[in-house]
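The structure under discussion appears below in the form of structure tokens.
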């Protein structure tokens with residue numbers, strides 16, 4: 001079963017929000033034909049998109065952060081992960097961020 005994202009979507013530790021930002025960044029290469037938004041730290045599974053209608057960019061400039069990327073979908077695409085419900089992202093641009101959590105030792109990525 002899948003669900004369609006509207007303005008925001010979250011799958012595990014990956015958060016996406018639709019944006020009007022222009023694409024200003026370097027293309028991120030595909031892994032085994034997929035766009036990988038994040039790898040799971042424990043299982044090795046990935047939050048990934050197979051569609052060739054999507055591209056991922058590493059943002060550049062003063063506020064660039066390796067955990068912050070921009071996904072561009074020319075048409076609706078499916079975000080899949082082995083342990084989560086499939087999410088259908090409508091066409092458009094999406095801010096992609098890894099979610100963070102606080103622990104007394106440090107602020108860290110959410111483990112998925």
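Would you mind calculating the gained length between residue 78 and residue 36 on full extension (0.36 nm times residue separation, minus the Cα-Cα distance), in nm to one decimal?
Details: separation 42, 0.36 × 42 = 15.12 nm, distance 1.21 nm.
Fully extending the segment from residue 78 to residue 36 adds 13.9 nm.
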Inter-site label distance for residue 95 and residue 17 at 7 Å from Cα along Cβ, in nm | 0.4 nm
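Taken together, the values in this text are just the output of simple stated rules run on the coordinates, not laboratory data. Being a predicted model, the structure only gives us computed values, none of them experimental. Neighbour counts are summed over all protein chains in view; Cβ atoms, including those assigned to glycine, are modelled from backbone coordinates with ideal geometry.
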